Structures are given as structure tokens and as C-alpha cells.
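The values are calculated or read from the model by the stated rules, or taken from the named source; none is laboratory data. Keep in mind it's a predicted model, so treat the numbers as computed, not measured. All Cβ positions, even for glycine, are placed from backbone atoms using ideal geometry, and neighbour counts span all protein chains on display. Each accessible area value is taken on the protein alone, full model and side chains, heavy atoms only, with ligands, DNA and RNA left out. Shrake-Rupley method; radii C 1.70, N 1.55, O 1.52, S 1.80 Å.
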Amino acid sequence: SLVGTGGTLKANASDFMDEAFLFAHADNLCVANFEAFFSAHEKRAKGIQITMMTFVTDQPKNCGVVELNDDGIVVKFQEKVDNPTSNCANGAIFVMEPSVAEDIRNNRAEFIDFCADELPNYVGRIQAWPNDVYLRDIGTPESYENANRDWKEILDKMKRT
């Protein structure tokens, strides 16, 4: 039976108690400087438990969007709302501290959608890391088609550089 993204983390939380870990949704196509992403988490301010990869979206109604303060800390999170207040989208790729896995392990729910059910609890304790290379949710046929088109362009661009 389906347990959701958070439910999967809950079922495996004991594997993530020793050090920071990468947690990513599988329906993304992402090209990023992961070394810089991990480094940003290592250099995070005190109290930050999650580093969230973000990207600018042209379809904010289809994404979880965030508002950031001047320090790049998430101060508001909206999951797929009709009138989003931002086009800065949650990329659903995170570096998280073991305390997050511990919190989810203690959640009594059987089905947990990490972004909808848990992420709002961390507002103020999430720093954004903007991916300025490429990130696309490929969870719909249309988006998947667009990603295939984009991917060919990305590969061509990478070959030229």
C-alpha cells in the first residue's frame, strides 16, 4: 500500500540517523551543481535543518512555492494553490539533518506526503538553494514531453561547453 514520500522516509528513518542525507522525489529531471548544494547545507546558519533546492517556475499553480526572507530562509510555503504568491518553487530535492528523519519516524500517520504534511512544520528552519541550471517536475505526460525536448537542448549545450 502507498505510504507517501514521508511514509517512505519514515519506514527507512533509522538509516538516516548518523549524518545529513539527500532526500529527493523521483519525478524530477535535474541538472545542478550538487557539490555546491551540499556545501550550502554544510555552511547553513544555526537552526537550519533542511536545505531545499528551489527553481523559478512558469507554472507556480502546479508547484509548491516558497517565499524567502533576505537571508534565503523559507518564511512561507504553499503547496499547489490556485493563487500562489511566488514563482520560487520547491524542487523536492533536499539535504536534511537526522533530526528531520527522527521527527518523521515519530509521526503516527500511515500515509505522509512530505511536502504537504511535514515541510510546513519546518518553515523558518529551511534554507533555499536556487538551482539556476535546470529542474523540471516530470510527473505529468505534458511535462515529461517538455523535459524530453529540453533535455536534448541541454545535452547539445553541454557538448558545446
If the Cβ limit is 8 Å and pairs must be 6+ apart or interchain, which residue in the range 116-129 that is more than 17 Å from Ala36 (Cα to Cα) pairs with which residue that is open to solvent by 40 Å² or more (accessible area, probe 1.4 Å) and hydroxyl-bearing (Ser, Thr, Tyr)? none
Suppose we filter the range 39-57 for residues that are free of Cβ contacts under 8 Å to residues at least 40 places away in the same chain and under 16 Å from Gly139 (Cβ atoms); how many remain? 1
Scan of the range 1-48 for residues that are touching a strand residue (DSSP E or B) at 6+ places or on another chain (Cβ under 9 Å) and part of a helix (DSSP H, G or I), ordered by number: Thr5, Leu9, Asp15, Phe16, Phe34, Ala36, Phe37, Phe38, Ala40, His41, Glu42
Just one of the numbered conditions (1) surrounded by 14 or more Cβ atoms within 10 Å (Cβ to Cβ); (2) under 26 Å from Glu35 (Cα atoms) is not true of Glu153; which one? (1)
Are there strands (runs of 3 or more DSSP E) fully within the range 49-132 with at least 1 residues that are over 11 Å from the mean Cα position of the chain (by Cα) and acidic (Asp, Glu)? List them. 64-68, 74-79
Of the candidates Phe55, Phe34, Phe111, the one satisfying the condition of being open to solvent by less than 40 Å² (accessible area, probe 1.4 Å) and of a type outside the set (Val, Ile, Thr) is Phe55
Name the residues in the range 1-45 that are hydroxyl-bearing (Ser, Thr, Tyr) and over 28 Å from Asp150 (Cβ atoms), would you? Ser1, Ser14
